[in-house]
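Below is one structure, written out as structure tokens; comments come after it.
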Amino acid sequence: MVKKLTATPEMDPEIWSKLPPEILEQVLSCLPLKNFYTLLSTCKHFKSLLFSPIFISKHTSTSAFSSFILLSHPQFQSHFSLYDTNLSRWLTRGLYLSLPFHFSDPPSASSLLSSSNGLLCFSLPSSSCFLISNFVAKTTRLVKFPTHPFDFELLTLISTPEGYKIFMLCSEFSSTSAFVYDSKTQSWGQFNVFQPVLSNNHNQQGVYRNGVLYFTTPEPFSIVGFDLANGNWKELEVIFPSDLTFVRLVSDEDKIYVIGGIGKNGISRSMKLWELRGGEMVEVVTLPELMCRKFVSVCYHNYEHVYGFWHQGMICVCCYTWPEILYYRVSRKTWHWLPKCPSLPDKSSCGFRWFSFVPELYASV
């Protein structure tokens, strides 16, 4: 006869309180990081364990959190909605930006500009500063911009295991320069600018690959690269289709993709996706006709509002004036629309900014 257990034996605190620290670390490191993260507020020692060598070595290879597409909109007032691409649904709660007390700007005055590998970059206009934040680790850093006025274009945040950099173009005294902030030296560098890259468009960002940031230029279209190590510019020898109406870049850090409209007189009749191989554009896919009609209609042929980004195997194409995302899932070779965020007001106006957000605990600010 099997004896039925009526109660679970209690753990003897006299025994467990004497457990060697290295054994406790080993035991706790076996917990999924998501579950362990919920325990941080219960014990200071648990929080310190997150940054112990055993935790760092175990959890830095891949993100232990879900990946999200993040939506920023002026009507949200420092709240950022999150779409979980693993669960294919919008989360009921998003991210809320709360600034430390010594920042003069209220959260509502901040603007999300760029994201990279778990870090988010905000502007604080009245302070002429950028705020770099890791929401998971709850860490922030204030980066003071060296010149005034606080006016910039093409800002791009690049985060790597070695640190992060902020790239931007800034006009000063009728001339424009490229500025790069390096987190390792905590200093700015100033460089010459490749003039045709100027776009007068705050939505565009560079795409990063092998230490180089790539941008597209206005017509006549071209692709230029900025070497973050030495500040040199180089124009790529790429032959574009003659009937191209607009062009954008997306990169997964291994390949560079080109998104472009095909048409006449500045009006797109179709959209195509190419892979850039050296100086050759290899066509990948054409956007289905009905999807193309919808996307072109919401842009009103104002292609300066169009931008794109890479997110976890998805090439996302967005419009500043439209609350939906068009995306191409590379592995399946299929196009889809991301559903509208349910928390958006019915009469929401333009100002939709979308970002790839992959939380990374150990991304240092």
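The values are calculated or read from the model by the stated rules, or taken from the named source; none is laboratory data. Small disclaimer: the values here were computed from a predicted structure and weren't measured. Reconstructed Cβ throughout: ideal geometry from the backbone, glycine too, with neighbour counts over all protein chains shown.
Might you let me know whether the stretch 288-307 holds any residue that is among the hydrophobic types (A, V, I, L, M, F, W, C) and over 29 Å from Lys347 (Cβ atoms)?
No, the conditions are met nowhere in the stretch 288-307.
Just wondering, is there one or more residues in the stretch 214-235 that are of a type outside the set (Gly, Ala, Ser), surrounded by fewer than 21 Cβ atoms within 10 Å (Cβ to Cβ), under 20 Å from Leu287 (Cα atoms) and touching a strand residue (DSSP E or B) at 6+ places or on another chain (Cβ under 8 Å)?
No, because not a single residue in the stretch 214-235 is of a type outside the set (Gly, Ala, Ser), surrounded by fewer than 21 Cβ atoms within 10 Å (Cβ to Cβ), under 20 Å from Leu287 (Cα atoms) and touching a strand residue (DSSP E or B) at 6+ places or on another chain (Cβ under 8 Å).
Quick check on Ser171: is it at pLDDT below 80 and either in a strand (DSSP E or B) or under 15 Å from Gly231 (Cα atoms) (or both)?
Criteria met by Ser171.
For residues that are surrounded by 15 or more Cβ atoms within 10 Å (Cβ to Cβ) and either modelled with pLDDT of 70 or more or assigned to a strand (DSSP E or B) (or both), tally how many sit in the stretch 50-90.
Looking only at that region, the number is 17.
Could we say that Lys144 is modelled with pLDDT of 90 or more and in contact with a helix residue (DSSP H, G or I) (Cβ under 9 Å, 6 or more places away or on another chain) here?
When the stated conditions are applied, Lys144 passes them.
If you scan the stretch 310-325, which residues turn out to be surrounded by 19 or more Cβ atoms within 10 Å (Cβ to Cβ) and in a loop (DSSP other than H, G, I, E, B)?
The answer is Trp322, Pro323.
Here are some residues: Ser349, Ser297, Ser331. Which one is in the same structural domain as Gly118 (by TED's automatic domain parsing) and either surrounded by 14 or more Cβ atoms within 10 Å (Cβ to Cβ) or over 24 Å from the mean Cα position of the chain (by Cα) (or both)?
Testing whether each residue is in the same structural domain as Gly118 (by TED's automatic domain parsing) and either surrounded by 14 or more Cβ atoms within 10 Å (Cβ to Cβ) or over 24 Å from the mean Cα position of the chain (by Cα) (or both) leaves just Ser297.
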